[in-house]
Every structure is written in structure tokens, then in C-alpha cells.
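*Asks:* One structure, as C-alpha cells, below. Some questions next.
Every number in this text was worked out from the coordinates using simple rules, so none of it is lab data. What you see is a predicted model, and the numbers here were worked out from it, not measured in a lab. Positions of Cβ are backbone-derived with ideal geometry, glycine not excepted, and every protein chain shown enters the neighbour counts.
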Amino acid sequence: MKKYLFTLLFSLGFSVIPAAAQIMSNPAQWYINNQIYSTRVFNGVVANSMLRKSTNGNRRQNQTKSPDKTTTDYSVFKAAPNNSLPKQLSGKSGGSRAETEQILNSFVNLYKQTAQKDGFPADDLAYAFEYFVVNNYQIYHDLIDLPADKDPRAKRAKDGFERIRLLNEKKLKQVSINQERAIYRQFKEMLAANADIQKMTDLQKQEASELLAIMFGVNFAGYMKGINDGDEQLTEQARQLAKEGLEKLLGVSISQVKITNNGLEL
């Protein structure tokens with residue numbers, strides 16, 4: 001995803017950032033108000049060590065295993081013509097319903113456009129999980145592509161030589177498209193075996209995907225607002241929300257979350 005998220009935020013218009021002021025004034029409370037973590041997305045799907053079981057001790061098998069094309073692909077869904085969740089959540093924000101709905105739609109559309117650009121199917125819950133995990137991982141570790149004069153890693157440098165070193169180190173740590181595809185395959189395998197996912201309707205899977213897209217979108221907007229305003233407190237809040245989201249989703253400490261060519265290693 002690299003520079004694409006930053007570029008696309010410009011194309012969507014940085015107006016989504018000040019317009020999201022009410023949401024971003026306290027995004028943690030916004031999450032709680034909308035009961036983000038009490039939805040079926042997080043209930044028994046992956047926060048119960050299922051992903052750890054699929055990544056530890058079975059990596060070689062996961063690398064070579066091909067999906068059985070005769071079985072139902074439970075993570076995919078037939079999407080409705082319009083986004084579903086933004087309208088529902090906009091009534092709970094406490095601000096202008098129309099404005100909030102527009103903002104939340106922009107986050108879902110960002111998800112869809114990123115999927116198309118990177119060659120993933122947007123109508124797939126496995127990609128929604130991958131999108132949420134990879135992008136929050138990059139926020140937490142300050143791996144989002146940014147102009148050098150605004151980059152948090154570059155600002156930590158004591159001199160020009162260290163700045164070059166830190167920026168080169170950042171490039172090496174950024175998640176590659178091949179690593180993303182490995183994570184996507186992991187989620188495909190895990191979700192296919194989950195009984196709760198098998199029972200979900202197309203609409204439920206669409207709303208779950210939109211929820212993950214919105215959760216990241218709110219956090220990304222806060223991170224970028226902090227970067228552009230020079231507000232280190234807001235940037236750090238976004239990092240901590242990324243950490244919280246990853247830990248709640250994956251069921252392990254952020255220190256255990258690694259992304260390699262094998263995908264997620266926990």
C-alpha cells in the first residue's frame with residue numbers, strides 16, 4: 001500500500017480530516033460508543049488464538065497448501081450496490097449525521113480503491129482483515145510513507161547521516177505486497193474453517209468488512225492529522241489505537257506480532 005494511502009488521502013481531499021474533528025477528538029471513546037469490539041467480527045473469530053495455531057508450527061504446510069476449489073469460499077460475499085454501515089454508524093456519532101456518513105463512506109471507499117490498486121478483492125472478509133492488520137501495523141511502527149520533513153522516524157535523527165539510515169531502515173521494514181498476499185492467504189484459510197463465518201450472510205460479511213475499513217480509516221485520519229498539525233500527542237494516540245486494535249484482533253501482545261515473507265508470525 002506504501003505511498004498509495006497517502007496519495008489517495010489527497011485525492012479524497014484532506015477535508016475529511018478537519019471534518020472528522022468530532023470523531024477524532026476522542027477516537028477511543030468513539031470506538032466504545034459504537035461498540036466496535038462487541039460485534040461478531042471479534043467474537044470468536046480470531047481473538048481466540050486460532051491465528052496463532054495456523055501460523056506456529058505449520059508455516060511450511062501453509063506455504064505449499066492450495067485452497068480446495070471444490071469447497072465454498074466462505075469469506076467472499078456479494079456486496080450490495082451501496083455501502084451499508086456508514087449510514088448506521090452516522091446516527092451514533094453525536095454530530096452532523098450527513099457529514100459523518102460522508103466521512104465514513106470515504107473510509108470504506110478508500111478500502112475499496114486500495115484493494116483494486118493492489119489487486120485484492122474488496123468483497124472478501126479475508127482481505128478486510130488483512131487490510132486492517134497490515135495498515136495498523138504500519139501506523140504503530142511509523143511505516144506509512146510520508147514526506148521526509150514530516151516523517152516521525154526522520155525527525156528522531158540527530159544528523160543527516162542518521163536520518164538517511166533511519167529512512168532506509170524504514171523501507172526495509174515496510175510490508176511488501178508479497179507479504180500482504182501471504183497474510184491474505186492465512187486469513188482465507190482461517191476464516192474458511194470458522195463455523196461463525198460459514199453462517200454469516202452476505203450483508204453481515206459486507207458490514208464486517210466495512211467496519212474494519214472504518215476502524216482503520218478513523219485511526220489513519222487521526223494519525224495524518226497529528227502528522228500534518230505537528231501534534232505528537234494525537235499521532236501517539238493513533239499509534240496506541242493501532243496497537244489496541246491489533247492486540248484485540250490477534251489476541252497477543254504487539255511485541256509478538258511479526259510480519260515476514262511467511263505472513264503473520266505470532
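*Asks:* For region 135-200, go through all pairs of different Cα atoms, get the mean of 1/r, take its inverse, and jot down that Kirkwood value in Å.
*Replies:* Final number for the Kirkwood radius of region 135-200 is 14.2 Å.
*Asks:* With θ set to phi - 60°, apply the Karplus curve 6.51 cos²θ - 1.76 cosθ + 1.60 along region 257-263 and write out the HN-Hα couplings as whole Hz, x wherever there is a Gly or Pro.
*Replies:* Per-residue couplings from phi come out as 7, 10, 10, 10, 5, 7, x Hz.
*Asks:* Could you tell me the center-to-center distance, by alpha carbons, between region 137-157 and region 245-266 in angstrom?
*Replies:* 20
*Asks:* If you rank Lys117, Lys171 by fewest surrounding Cβ atoms within 10 Å, what's the result?
*Replies:* Lys171, Lys117
*Asks:* Can you sort Arg185, Arg239, Arg97 by how many other beta carbons sit within 10 Å, fewest first?
*Replies:* Fewest-to-most Cβ neighbours within 10 Å comes out as Arg97, Arg185, Arg239.
*Asks:* I need the phi-derived Karplus couplings for region 120-135: 6.51 cos²θ - 1.76 cosθ + 1.60, θ = phi - 60°, integer Hz, Gly and Pro marked x.
*Replies:* 10, x, 5, 8, 8, 4, 5, 5, 4, 5, 4, 4, 4, 5, 4, 6
*Asks:* Beyond 28 Å, how much of the Cα-Cα pair distribution for region 83-228 remains, as a whole percent?
*Replies:* Of the Cα pairs, 30 percent sit more than 28 Å apart.
*Asks:* Using each residue's phi in region 167-178, evaluate 6.51 cos²θ - 1.76 cosθ + 1.60 at θ = phi - 60° and report the 3J(HN,Hα) Karplus result to the nearest Hz, with x for Gly and Pro.
*Replies:* Per-residue couplings from phi come out as 6, 5, 4, 4, 4, 5, 8, 5, 6, 7, 5, 5 Hz.
*Asks:* Pairs of Cα atoms under 8 Å, at least six residues apart: use those to get the relative contact order of region 104-239, whole percent.
*Replies:* Once normalised by length, the contact order is 36 percent.
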